[in-house]
Amino acid sequence: MWKKLSSKILFTHPRLVVEEDEVEISPDRTIQYLRYGYGSDGVVVVAQNDKHEILFIKESSYVINKRLLQLPMGKIEEGESAEIAANRELQEETGLRAKAIVQKGSYYQNHRRSTNKGMVLLASDLEASELQADEEEQDIEKVWLPVRQVASEIANGNIIDADTLSSLLISGICTHTED
């Protein structure tokens, strides 16, 4: 096992912390290892209605300069449970609230560089919410896709976000792609 010898913070921002560790990987070799964190784990919401449709959002990704089809997601705030955070994110991004939310599993968002996890929650029994969206979330389009269509959207390259792909698999909604 690798052993951390020392650590220093290189960069701190409310959304990101970057650290560099000196790590012993064998008795005669040490390396510098870069890692980062988001401050807390996140939630990804797989919201399903009574028509067997999944709620996706289409929003701009500034870094890659594309509009991506993805699931509602966000950070778990201090003191929140995953279920509370998931319902808050669902409301902020879509204007809908879930009466029923069940955690289905989790995954590491980047196990080689971070300890942050994405918690996957299945939301159902949806209703309109009064919670207002954040300023960053004003350009979000809601897209309902039939469950049977999700695999073909993945195969056609229309759903390419890693958090969304992982969460669809963990939720049990989408277990394979069609040929």
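See the values below:
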read-out: Amide H within-cut-off set for Ile76, under 5 Å, with H built and near neighbours excluded; value: Asp41, Gly42, Val43
read-out: Protein-only accessible surface order, largest first, of His52, His13 at 1.4 Å; value: His52, His13
read-out: Size-normalised alpha-carbon gyration radius of the range 73-178, reference 2.2 N^0.38 Å; value: 1.11
read-out: Area of Arg113 that stays accessible when all protein chains are in place (1.4 Å probe, Å², to 10); value: 90 Å²
read-out: Where Cα atoms sit under 22 Å apart: lysine pairs in the range 17-141 separated by 8 or more or lying on different chains; value: 9
read-out: Value of relative contact order over the chain, rounded to a whole percent, pairs C-alpha under 8 Å and six or more apart; value: 21 percent
read-out: Listed residues Ala86, Ala47, Ala162, most fluctuating in the chain (Gaussian network, C-alpha, under 10 Å); value: Ala162
read-out: Fluctuation leader among Gly37, Gly105, Gly79 - the chain, Gaussian network, Cα springs under 10 angstrom; value: Gly79
read-out: Surface accessible to a 1.4 Å probe, Ser6 within the full protein complex, Å²; value: 50 Å²
read-out: Per-pair calculated FRET efficiency, R0 = 30 Å: His111 and Trp144 via Cβ, rounded to 0.05; value: 0.40
read-out: Rg/Rh (Cα only; Kirkwood hydrodynamic radius) as it applies to the chain; value: 1.04
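The values are calculated or read from the model by the stated rules, or taken from the named source; none is laboratory data. For clarity, every value in this text was computed on a predicted model and none was experimentally measured. Here the Cβ is made from the backbone with ideal geometry for all residues, glycine too, and neighbour counts use every protein chain on show. In case anyone asks, the SASA skips ligands and DNA or RNA and just uses the protein heavy atoms, side chains included. Shrake-Rupley method; radii C 1.70, N 1.55, O 1.52, S 1.80 Å.
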